[in-house]
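J.: Next up is a structure, given as C-alpha cells.
The values are calculated or read from the model by the stated rules, or taken from the named source; none is laboratory data. Since this is a predicted model, take the numbers as computed values, not measurements. No Cβ is skipped: glycine too gets one built from the backbone with ideal geometry, and neighbour counts run over all protein chains shown.
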Amino acid sequence: MSNTLSIRSIDDLAGLKRGNLASFLNDAAGTLKSLEGRIEEIANKRVDVQNKESRAKLWFMLFIIVPISALFIDFEEPNLTLYVFLFGAFLFAILFVAIVTISILRAGRKAKASHAKLDAVQAKVIQDFENELQSAESLIAVIPGKFLASYILEKFCEYLNDGEADGWKECIERFRRDEAEMRKQQRHIELMQNLDEIKRYTKSTARWAALMAWNTR
C-alpha cells in the first residue's frame, strides 16, 4: 500500500483522507483477523482436549457409582440369587473401572502433551503479534491498543465507506456513540427481564397466598 510507509504515528493516521484511511484500516483489520483466527483455533483445540478429559471422567463416575449404590438398596425380600447377581455386577463394574481408569490415565497423558503443544503454538502467536507491533512496516503498530480488534477496524471501514465519517477522529466518535447506544439498549433489555422476573414472582406469591388462605378455611 502506498500510504503505509508514511504512517509512523497516530497523527499520520489522522491525516489520511477517507479513501486512503479506509484502505489502510481494511488491510490492518485483515492482519488482526489472521492473528485472532489463530488464537481462536488454539482456544477451540483446548476446549476439545478438555471435553475428552471430561468424558473419560464421566464414564469413570458412571461405572463406579451406579454399581456401588446398588449394594445399598433396601430390598424387601433379599435372597441369595439377588446377592449373587449384585456381587457379579460389582465385579463386572470393577473390571470396567480398571479399564476406564487406564483410559483416563492415557487421556491425561495425551491431554498434557496436547496442552504443551498448544502452549508452544500460543507462544508463537503472541511473539508474532509482538513482532508485528514492533515492526516499522506494521499496519497495526500506530493504532491505539483499545482499537486493536478486527471488528472495530471493520466498523471504522463501514463508517468511511458509507460516508458516515471522513477521518480517524470521526470514526472514533461514531464508534463510541454506537457503543454507548448498544450499552443503553442492553441495560434496557436487562431491566425488562428483571421486571418480568418480578412479575412472575409476584404472581407466584399471590397464588401461594390464595392457596394458603383457601386451606385455612
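J.: For region 108-148, give me each residue that is aliphatic (A, V, I, L, M) and part of a helix (DSSP H, G or I).
T.: Step one: filter region 108-148 for residues aliphatic (A, V, I, L, M), giving 111, 113, 116, 118, 120-121, 123, 125-126, 133, 136, 139-143, 148.
Hits for region 108-148 are ALA111, ALA113, ALA116, LEU118, ALA120, VAL121, ALA123, VAL125, ILE126, LEU133.
J.: Output the number of residues of region 119-177 satisfying the condition of being of a type in the set (Phe, Trp, Tyr) and modelled with pLDDT under 85. Before the answer, list the steps.
T.: Applying the first criterion (of a type in the set (Phe, Trp, Tyr)) to region 119-177 yields 129, 147, 151, 156, 159, 168, 175.
Those left that are additionally modelled with pLDDT under 85: 129.
Residues flagged as of a type in the set (Phe, Trp, Tyr) and modelled with pLDDT under 85 within region 119-177 amount to 1.
J.: Now a separate question. Looking only at residues that are free of Cβ contacts under 8 Å to residues at least 60 places away in the same chain and in contact with a helix residue (DSSP H, G or I) (Cβ under 8 Å, 6 or more places away or on another chain) in region 139-150, which one is nearest to ASP128 (Cα to Cα)?
T.: If we filter region 139-150 for residues that are free of Cβ contacts under 8 Å to residues at least 60 places away in the same chain, which is where we start, we get 141, 145-147.
Narrowing the set further to residues that are in contact with a helix residue (DSSP H, G or I) (Cβ under 8 Å, 6 or more places away or on another chain) leaves 141, 147.
Values: ALA141: 13, PHE147: 19 Å.
The residue in question is ALA141.
J.: For the structure I just gave you, tell me whether PHE60 is modelled with pLDDT of 80 or more and either touching a Ser or Thr at 6+ places or on another chain (Cβ under 8 Å) or aliphatic (A, V, I, L, M) (or both). Walk me through it before giving the result.
T.: Details: modelled with pLDDT of 80 or more: no; either touching a Ser or Thr at 6+ places or on another chain (Cβ under 8 Å) or aliphatic (A, V, I, L, M) (or both): yes.
No: the conditions fail for PHE60.
J.: What residue, of TYR151, TYR159, is exposed (fewer than 14 other Cβ atoms within 10 Å of the Cβ), among the hydroxyl-bearing types (Ser, Thr, Tyr) and over 21 Å from SER9 (Cα atoms)?
T.: Details: TYR159 fails: exposed (fewer than 14 other Cβ atoms within 10 Å of the Cβ).
So the residue among TYR151, TYR159 that is exposed (fewer than 14 other Cβ atoms within 10 Å of the Cβ), among the hydroxyl-bearing types (Ser, Thr, Tyr) and over 21 Å from SER9 (Cα atoms) is TYR151.
Quick grid of which residues meet (1) surrounded by 16 or more Cβ atoms within 10 Å (Cβ to Cβ); (2) farther than 19 Å from LEU58 by Cβ; (3) among the hydrophobic types (A, V, I, L, M, F, W, C); (4) in contact (Cβ under 8 Å) with a residue 24 or more places away in the chain:
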residue: LEU105; (1), (2), (3), (4): no, no, yes, no
residue: LYS117; (1), (2), (3), (4): no, yes, no, no
residue: ALA120; (1), (2), (3), (4): no, yes, yes, no
residue: GLN127; (1), (2), (3), (4): no, yes, no, no
residue: GLU132; (1), (2), (3), (4): yes, yes, no, yes
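J.: Would you tally the residues in region 149-191 being assigned to a helix (DSSP H, G or I) and within 15 Å of LEU25 (Cβ to Cβ)? Before the answer, list the steps.
T.: Let us first name the residues in region 149-191 that are assigned to a helix (DSSP H, G or I), namely 150-161, 168-191.
Checking which are within 15 Å of LEU25 (Cβ to Cβ) leaves us with 150-161, 168-172, 174-175.
Qualifying residue count, region 149-191: 19.
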